[in-house]
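Peer 1: Below is one structure. I have some questions about it.
A short reminder: the numbers here are calculations on the coordinates, not readings from a lab. Here the structure is a predicted model, which is why all the values come from computation and not from measurement. Heads up, the Cβs are rebuilt from the backbone with ideal geometry, glycines too, and the neighbour counts pull from every protein chain shown.
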Amino acid sequence: MREQPLKHGSRTRIKICGLTHPEDIQAVNQAKPDFAGFIVEFPKSRRNVTVEQLKALREELDDSILPVGVFVNAPVELPAQLLNEGTIALAQLHGQEDENYIRQLKTMTDQLLIKAFSIKTEADIKKAIRSEADYILLDQGAGGTGETFDWSLVPAIKRPWFLAGGLGCENLESAIHLLHPWAVDLSSSVETDGHKDPDKILEAVYAVRNIKEEI
């Protein structure tokens, strides 16, 4: 049985995604979110890092923060290798990876997987909930655009899940109180002029830590 990296409970976790520079690592080390995300070997993204860059950044990451590798239709061997060697603690699949891909990856590693889903309809939600991934992430589609999806589509979800897309300090509290996600995922809202902003990262992590969940 795979161990969840964090115990289930009422506290909402936070992931800061799209880290690319040593300064980003310094910022998250100060703010201490639960997860730090790195987009690995996907040159179409301006937040892309190579495996070599990932490993260098990972070495400087505080041990209390779990590193997440974000992959888009990567050869299954890439996340498996990075998981098994401990470079990342979780792999987030953000492309068109299907359940066969997930099952294959699970035969290659015993580490934890997140599968991202683009939410447009109720059918998308149902598909996500059925996934064999350890966690699901619900997003509006193209990651890092700062846009939300229709939150009214989200039912009460009993499995641990990440909410992404258009989240920032102005709507974090309402999102958490309305949807009760296990974790929230932020990227563009903690940037200024396309670069991670240490003050915005601190503000976002502080905001999530101080939101009182309504059970």
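Peer 1: Can you tell me the relative contact order of the chain? Whole percent, Cα pairs under 8 Å, sequence separation 6 or more.
Peer 2: 21 percent
Peer 1: Going by the alpha-carbon gyration tensor, a ≥ b ≥ c the square roots of its eigenvalues, is region 15-209 rounded (a/c under 1.5) or, if a/c is not under 1.5, prolate (a/b greater than b/c) versus oblate? Provide the component values of the computation, followed by the final result.
Peer 2: Working: a/c = 1.62, a/b = 1.02, b/c = 1.58.
Verdict is oblate for region 15-209.
Peer 1: How do His195, His94 rank when sorted from fewest to most other Cβ atoms within 10 Å of their own Cβ?
Peer 2: Sorted ascending by nearby Cβ count, the order is His195, His94.
Peer 1: For a Förster distance of 45 Å, can you work out the FRET efficiency between the beta-carbons of Arg130 and Thr192, rounded to the nearest 0.05?
Peer 2: Numbers: r = 39 Å, r/R0 = 0.86.
That pair, Arg130 with Thr192, gives E of 0.70.
Peer 1: For Thr107 and Lys44 in one chain, what is 0.36 nm times their gap in residues minus the Cα-Cα distance, to one decimal in nm?
Peer 2: 19.8 nm
Peer 1: On to the next question. When Lys and Arg each count +1 and Asp and Glu each count -1, what net charge do the other residues less than 13 Å away from Tyr101, Cβ to Cβ, add up to?
Peer 2: Residues close to Tyr101 contribute a combined charge of -2.
Peer 1: Here's another thing I want to ask about it. Grab the Cα-Cα distance for Asn73 and Ala56, subtract it from 0.36 nm times how many residues apart they are, and report the gain in nm with one decimal. Before the final figure, lay out each step's value.
Peer 2: On the way: separation 17, 0.36 × 17 = 6.12 nm, distance 2.32 nm.
Length gained between Asn73 and Ala56: 3.8 nm.
Peer 1: Can you put Lys158, Lys32 in order, fewest other beta carbons within 10 Å first?
Peer 2: Ascending number of Cβ neighbours within 10 Å: Lys158, Lys32.
Peer 1: Another one. Would you list, by chain and number, the lysines whose Cα falls below 24 Å from the Cα of Lys158, excluding same-chain residues fewer than 8 positions away?
Peer 2: Counting by Cα, and skipping residues close in sequence, Lys158 has these lysines nearby: Lys7, Lys15, Lys106, Lys115, Lys120, Lys126, Lys127, Lys212.
Peer 1: Related question: Compare Ala116, Ala133, Ala164 in a GNM of the chain, Cα atoms joined below 10 Å, and give the one with the largest fluctuation.
Peer 2: Ala133
Peer 1: Return the aspartates and glutamates within reach of Lys32: Cα separation strictly under 18 angstrom, same-chain partners fewer than 8 residues apart disregarded; answer none if there are no such residues.
Peer 2: Filter leaves Glu23, Asp24, Glu59, Glu60, Asp62, Asp63, Asp185, Glu191, Asp197, Asp199, Glu203.
Peer 1: Right, next: Using the count of nearby Cβ atoms within 10 Å as a rough guide to exposure, how do Ile102, Ile88 rank from fewest to most?
Peer 2: Working: Ile102 18, Ile88 27.
If I rank by nearby Cβ atoms, fewest first, I get Ile102, Ile88.
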